[in-house]
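Structure first, commentary second.
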Amino acid sequence: MNDGAWTCVVAEDAALLRRSLLDQLRRAWPELRIVAECDDGASALEEIAALQPQVAFLDIRMPGLNGLEVAAAAAEASHGTRIVFVTAYDQYAIDAFERGAVDYLLKPISPGRLAATVERLKARGGGDAAAVAALLERLGPLGRREDAPPPLTWITASAGRETRLILVEDVAYFRADNKYTTVVTAEGEALLRTPIKELVEMLDPAMFKQIHRSTIVNLKAIAGIVRDDSGRGTVRLRTRPETLAGSQTFMPLFRHM
């Protein structure tokens, strides 16, 4: 920026920890402009893509998209954003961070460690997609947090006057519908009285992925993905005739499909 100030997105799903990190950042880096605060991965990715901040502090364990997935997609959506992971990982993962030359903060965050990270960020400047890619390769898939409840296997949804018991693995996709969520299976649609932002926390992240802020798709239901020149995607389904629109922001998560 012209005035030399850095912009920043902070993503942490625990409100108290997020406020603590924000307070520490304001003390350690007074000139930093925090342009967005997020409590889930999808919101963080969209804010990074829209605002193109110089730095993003990402909690590793977040609902829906985890911090690693956000970083992987952000490498394409905002090339100049440097990522700092906030983690409670064990030593194995910390070794991976260090070998991958990726900035990280270990919870609980100490003022001295944060100050050192700030100095490194200022010295190194823009983002490094190669470092994030190396980290992802070392760490591999990220599982659910140990204290998380088991993912949903059944849901109860309404179709007119009928209440249906639906096996989650039979769902092709979920679509946001105002404060509720439409559940779509091969047989039809039903309405779930749970907002999609809450629902994403309850689903198995190995089975369901967001292709848009308002759409979560069952990976087993995908027949194919066609990308256009702008980076957006069209998702074809195995058991449904309609196609789903994938936003440019979320499509990098499906680059290997």
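A short reminder: the numbers here are calculations on the coordinates, not readings from a lab. Just so we're clear, the structure is a prediction, and the values are computed from it rather than from any experiment. Every residue, glycine among them, receives a Cβ derived from its backbone with ideal geometry; neighbour counts consider all protein chains shown.
Using only the Cα atoms of the stretch 154-254, build the gyration tensor, take square roots of its eigenvalues as a ≥ b ≥ c, and label the shape rounded, prolate or oblate: rounded if a/c is under 1.5, else prolate if a/b is larger than b/c, else oblate. It is prolate, given that a/c is not under 1.5 and a/b is the larger ratio. The DSSP beta bridges internal to the chain are antiparallel in roughly 65% of cases.
LYS220: which lysines have alpha carbons under 19 Å from its alpha carbon, excluding same-chain residues fewer than 8 sequence positions away? Within reach: LYS209.
Classification of the chain by its C-alpha gyration tensor yields a prolate form. The axis ratio a/c (a ≥ b ≥ c) is 1.5 or more, and a/b outweighs b/c.
Based on alpha-carbon centroids, what's the gap between the stretch 186-207 and the stretch 1-70 in Å, whole number please? If we compute the Cα centre of each part, the gap is 26 Å. In a Gaussian network model over the chain where Cα atoms closer than 10 Å are linked, find which of THR215, THR239, THR181 has the largest mean-square fluctuation. Residue with maximal mean-square fluctuation among THR215, THR239, THR181: THR239. Between VAL171 and any residue 5 or more places off or on another chain, the built amide H atoms are never under 5 Å apart. Rounded to the nearest 500, the helix-only mean residue ellipticity at 222 nm of the chain stands at -9000 deg cm²/dmol, with each DSSP H run of n ≥ 4 adding -39,500 (n - 2.57). Under 1.5 on a/c is rounded, so check that first for the stretch 3-62, then, if it is not, pick prolate when a/b is larger than b/c and oblate when it is not; a ≥ b ≥ c are the square roots of the alpha carbon gyration tensor eigenvalues. The shape class here is oblate. Packing here is the average count of other Cβ atoms within 10 Å per residue, and on that basis the peptides 62-71, 161-170, highest first, run 62-71, 161-170. For the chain, the longest principal axis of the C-alpha atoms and the axis of helix 41-51 are separated by about 60°.
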